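*Asks:* The structure is given below, and queries will be raised subsequently.
The values are calculated or read from the model by the stated rules, or taken from the named source; none is laboratory data. Predicted, not measured: the structure shown is a model, and the values here were computed from it. All Cβ positions, even for glycine, are placed from backbone atoms using ideal geometry, and neighbour counts span all protein chains on display.
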Amino acid sequence: MSNAAAFSGAYVANLGPSAKGFLLPAVDEEALPFWEAARRGELVIQACSACGRLRQPPRPMCPSCRSTQRQWRAVPGTGTIWSFAVPHPPLLEPYSSLAPYNVVVVELDVEPRIRFVGNLVTDVDAPLNSVDPSTIRIGEPVEAVFRSFGRKDGSTESLPFWVRRSA
């Protein structure tokens with residue numbers, strides 16, 4: 001649940017994990033445009049309509065100017081690895097069978113204050129452990145790719161993953 005949903009009492013759709021057991025987001029009204037764009041393979045960020053500041057996670061009020069006017073902007077899905085960790089068991093299934101794998105924090109090129117947590121993979125369909133964690137470097141250039149996951153109820157959700165790109 002996003003902070004916006006927690007404080008506004010807004011509806012949150014938590015449809016559970018993927019059919020293979022991977023955790024998927026609970027989607028609230030404020031973040032719905034982000035997840036709809038992800039299903040189309042686009043990275044969008046909420047922006048203040050008054051001052052233009054980009055913000056993530058989405059929320060009803062601009063932290064800079066306090067305007068409640070907002071819009072969504074498509075942004076290039078490029079960034080650099082700001083930090084990373086390597087989880088080891090014990091972990092929940094299906095993650096434990098993939099360990100060790102990486103979890104990266106990516107700062108976006110368009111706005112370095114905005115960071116996403118995800119996984120660095122070799123390509124959109126590769127498993128979480130497809131990149132040797134010892135080869136990951138802080139400052140490494142990456143770009144977003146979107147992977148779809150089917151839920152047990154037949155719906156789908158797409159999540160951003162990250163792949164290496166040339167500098």
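*Asks:* Determine whether GLU93 is surrounded by 13 or more Cβ atoms within 10 Å (Cβ to Cβ) and either among the aliphatic types (A, V, I, L, M) or in a loop (DSSP other than H, G, I, E, B) (or both).
*Replies:* No.
*Asks:* Being closer than 28 Å to VAL110 by Cα and of a type in the set (Ser, Thr, Tyr) is the filter here; which residues of segment 140-155 pass it?
*Replies:* SER148
*Asks:* Can you confirm whether segment 14-26 contains a residue that is surrounded by 14 or more Cβ atoms within 10 Å (Cβ to Cβ), under 29 Å from GLU140 (Cα atoms) and touching a Cys at 6+ places or on another chain (Cβ under 9 Å)?
*Replies:* Looking for residues that are surrounded by 14 or more Cβ atoms within 10 Å (Cβ to Cβ), under 29 Å from GLU140 (Cα atoms) and touching a Cys at 6+ places or on another chain (Cβ under 9 Å), one finds none in segment 14-26, hence no.
*Asks:* Tell me yes or no: at least one residue of segment 66-88 is free of Cβ contacts under 8 Å to residues at least 60 places away in the same chain, crowded, with 19+ Cβ neighbours inside 10 Å, over 14 Å from the mean Cα position of the chain (by Cα) and over 18 Å from ILE138 (Cβ atoms).
*Replies:* Among the residues of segment 66-88, not one is free of Cβ contacts under 8 Å to residues at least 60 places away in the same chain, crowded, with 19+ Cβ neighbours inside 10 Å, over 14 Å from the mean Cα position of the chain (by Cα) and over 18 Å from ILE138 (Cβ atoms), which makes the answer no.
*Asks:* So which of ASP153, ASP123 is modelled with pLDDT under 95, within 21 Å of ARG39 (Cβ to Cβ) and surrounded by fewer than 17 Cβ atoms within 10 Å (Cβ to Cβ)?
*Replies:* ASP153
*Asks:* While we're on this one: Can you give me the number of residues within segment 30-89 that are of a type outside the set (Ser, Thr, Tyr) and assigned to a strand (DSSP E or B)?
*Replies:* 17
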